[in-house]
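Below you'll find the structure, written out as structure tokens, and then a few comments.
The values are calculated or read from the model by the stated rules, or taken from the named source; none is laboratory data. A quick note: this is a predicted structure, and the numbers were derived from the prediction, not measured. Note: ideal-geometry Cβ built from the backbone for every residue, glycine included; neighbour counts use all protein chains shown. Just the protein is used for accessible areas: all its heavy atoms, side chains included, with ligands, DNA and RNA removed. Shrake-Rupley method; radii C 1.70, N 1.55, O 1.52, S 1.80 Å.
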Amino acid sequence: MWLPVVLFVVILLILAYLDTVKPKNFPPGPRWLPIIGSLSTVLRIIRKHGVHYLAWAELAQEYGTVVGLRLGWTKYILIAGKEAVTEGLAREEFDARPDGFAFRHRTMGIRRGVIFTDGEEWKEQRRFSLRHLRDLGFGTRSMELMLREEAIEMATRLADMGRRAGPAGLDVHKAYTIPVLNSLWVMTAGERHPHDDEKLLKFTGLVNQISRSIDVSGGIFNAIPFLRFLMPRFKEYDSLHKQMWTFFQETVKEHQRTLSDGHPRDLIDVYLQELKEQGEMNGSSFSQNQLIALCKDLFSAGSETTSNTLGFATLFMVRYPEVQAKVHEELDRVVGRDRIPTVDDKPNLPYLNAVLYEVQRICNVAAQSILHRSTEDSEFMGYSIPKGSMLLFNLRSLHMDKKYWGDPEVFRPERFLVPGVNGGPTTVRIDPWLVPFGLGRRRCLGENLAKMSLYVFFSIISHAVCFKNPPGCPLPPTKGVTGFTLGTGPFKAVVEPRF
Ligand code: HEM
């Protein structure tokens, strides 16, 4: 009678043991426990640091530039360092995206959009988005005009609120959220809202809540999907995604009602025209739900990344008044006070551009890539990477490499400046170790828009106001708050109009 029980326990123990054995030549990493793999170790390290990027840095320090983990039953490979990141992002077999529960859930249960799709469907949607965003002014003059409008309204409001708040200061860490979102809204849906518009504020809240509810590794629901039945947090997560979906569904319906052939007003109109031409039935990847997923993706990927980088730029101006003074001096010398800076001034503002590069290097809003997935068994940097592994590329590891930068923890925009030869002008240099938008075929789709947004907002806001730390307050910390991307924590600044 005991024999079956003993046999059962022995089999269970053998299975549990086998579940902890790593594949041959798998990259080094923390040991695996049955079922959960390295989850408890990873959660402990994340809790210790409070932010994911420091947890990945600790693992790289302990195990090397290629670290192997298992979260639940999924294998994860963390890749750090210039050589491994550059090689990994050039490998076609690492171009795919994960296909777990959490990733499908955000696009109503089916893989859609551009961020979490791959293969032909992704290529088609990515090509379409890049081409049409360019036609609508992606990285061109009309995009600059649209961004200027947002930045000028923001500068006027900031100066006004700053005057009223006085030395007590304003909470500025979210100051860029609405104007950046508005610029994306103009591009996608054609409408511009005043910054205090109720619909815009509601939508902004939704985008913020969604990005705080998931991290780039897919989060706990992806590692162990059945946990959604046990965790009340899932209900909130589910409701946020449904609200966002409905929001875009209504916007697309409204566009369909008012679309006039041959006169597309924005990305939604262009997509609807393409859909009409291709039809939903001929096997193409174009569909109305695909359009909604694309909108959702552009907002998720584009709004917080840009506004958080600008939030960090403000934080560093508060912490380094001597750097801000040099930005102001350059703006006064090159642009003067009678007009607002334009994109034509950009080549003549090397210091301001160097500050933006240095902010991107040190703040690491996207400290790592979005998850990639390997589509075949492969050899990489001397290790075996099993098919289906998730890969996370640590972009921050390039930005904070001590051997390359010397003093990576120090905020020093001068590292990007090249002194003029024979009395020629100082210029700003592009550094191959600065890769905030990633590398390879999956690199950021909105890079041009993002670069132009950073320049237009930072130059116009810096021209208009001066940020100072409120008297008696500790300086705002640079560590950041983790979410889908890294943001500053809340902080206040005295905002003084410059003229
Ligand atoms: C400072 C601002 C931004 C930063 C730092 C940034 C950074 C990144 C990074 C690191 C990736 C992942 C690359 C990879 O997985 O290998 C990415 C992907 C992406 N970004 Fe950005 N981004 C920014 C702004 C934008 C904007 C403004 C948009 C769109 C309007 C955008 C749209 C996307 C999309 C759609 C993807 C996914 C591309 C794909 O999977 O094919 N991003 N971005």
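Given N residues in the chain, what is Rg(Cα) / (2.2 N^0.38 Å)?
Expressed relative to 2.2 N^0.38 Å, the Cα Rg reads 1.04.
For the chain, the longest principal axis of the Cα atoms and the long axis of helix 2-18 meet at an angle of about 40 degrees. Extension gain for the segment residue 250 to residue 381, taken as residue separation times 0.36 nm less the Cα-Cα distance, is 42.3 nm to one decimal.
Around the amide H of residue 367, modelled in the peptide plane, lie the amide H atoms of 486, all under 5 Å away and 5 or more residues distant in sequence or on another chain. Computed packing ranks the peptides 59-65, 349-355, 20-26, 387-393 as 349-355, 387-393, 59-65, 20-26, most packed first, by mean other Cβ atoms within 10 Å. Close amide H contacts of residue 427 (hydrogens built in the peptide plane, cut-off under 5 Å, sequence separation of 5 or more or a different chain): 418, 420.
When the chain is fully extended, how far beyond the present Cα-Cα distance does residue 242 get from residue 3, taking 0.36 nm per residue of separation? Walk me through the numbers on the way to the answer.
On the way: separation 239, 0.36 × 239 = 86.04 nm, distance 5.25 nm.
Additional length available on full extension: 80.8 nm.
When +1 charges are put on Lys and Arg Cβ atoms and -1 charges on Asp and Glu Cβ atoms, the dipole computed for the chain relative to its Cα centre reaches about 1100 debye.
Computed over protein heavy atoms with a 1.4 Å probe, the carbon and sulfur contribution to the accessible area of the chain reaches 59%. Find how many whole Å separate the alpha carbon centroid of region 101-119 from the alpha carbon centroid of region 157-214. Each part reduced to its Cα centre gives a spacing of 27 Å. For the peptides 246-259, 370-383, 141-154, the ranking by mean Cβ contacts within 10 Å, running from highest to lowest, is 141-154, 370-383, 246-259. Sequence-ordered 3J(HN,Hα) estimates for region 361-373 from the Karplus curve with 6.51, -1.76 and 1.60 and θ = phi - 60° stand at 5, 8, 8, 6, 4, 9, 5, 9, 5, 6, 4, 9, 9 Hz, glycine and proline given as x. For the chain, build the charge dipole from Cβ charges (+1 Lys, Arg; -1 Asp, Glu) around the Cα centre, then report which of 165, 3, 317 sits farthest towards its positive end. Of the candidates, 3 comes out farthest on the positive side. Here the spin labels are modelled as points 7 Å beyond Cα on the Cα-Cβ line, and at residue 149 and residue 104 they lie 4.1 nm apart.
Per-residue packing, averaged as other Cβ atoms within 10 Å, sorts the ranges 172-182, 401-411 into the order 172-182, 401-411, beginning with the highest.
Solvent exposure of the chain, expressed per residue, is 45 Å² of accessible area, with all protein chains present and a 1.4 angstrom probe. Distance from the Cα centroid of region 239-308 to that of region 37-85 is 36 Å (rounded to whole angstrom). Annotation: amide H of residue 170 within the under-5 Å range of 493, 494, 495, sequence separation 5 or more or interchain, hydrogens built in the peptide plane.
Rounded to whole numbers, the Karplus 3J(HN,Hα) couplings from phi for region 56-61 are 5, 5, 5, 5, 5, 5 Hz, using 6.51 cos²θ - 1.76 cosθ + 1.60 with θ = phi - 60°, and x at Gly and Pro. Phi angles across region 399-407 convert, under the Karplus curve 6.51 cos²θ - 1.76 cosθ + 1.60 with θ = phi - 60°, into 3J(HN,Hα) values of 6, 10, 6, 5, 5, 7, 8, x, 10 Hz, Gly and Pro given as x.
To the nearest ten degrees, helix 447-464 and the longest principal axis of the Cα atoms of the chain are 40 degrees apart.
At the residue level, residue 444 shows approximately 50 square angstrom of accessible surface with a 1.4 angstrom probe and all protein chains present.
Which of rounded, prolate, oblate describes region 404-499, given a ≥ b ≥ c as roots of the alpha-carbon gyration tensor eigenvalues and a/c under 1.5 marking rounded, otherwise prolate only if a/b is larger than b/c? Oblate, because a/c is 1.5 or more while a/b does not exceed b/c. Computed extension length for residue 82-residue 17: 19.8 nm, one decimal, from 0.36 nm per residue of separation with the Cα-Cα distance subtracted.
Distance between the 7 Å Cα→Cβ label points at residue 339 and residue 475: 3.6 nm. Helix 288-319 and the longest principal axis of the Cα set of the chain meet at an angle near 60°.
Distance cut-off 28 Å, Cα to Cα: go down the list 242/387; 296/402; 48/174 and report the pairs above it. Numbers along the way, then the final one.
Numbers: 242/387 32 Å; 296/402 37 Å; 48/174 26 Å.
In this structure, 242/387; 296/402 exceed 28 Å between Cα atoms.
Value of Rg to Rh for region 153-212, rounded to two decimals, is 1.01; Kirkwood radius and Rg both from alpha-carbon coordinates.
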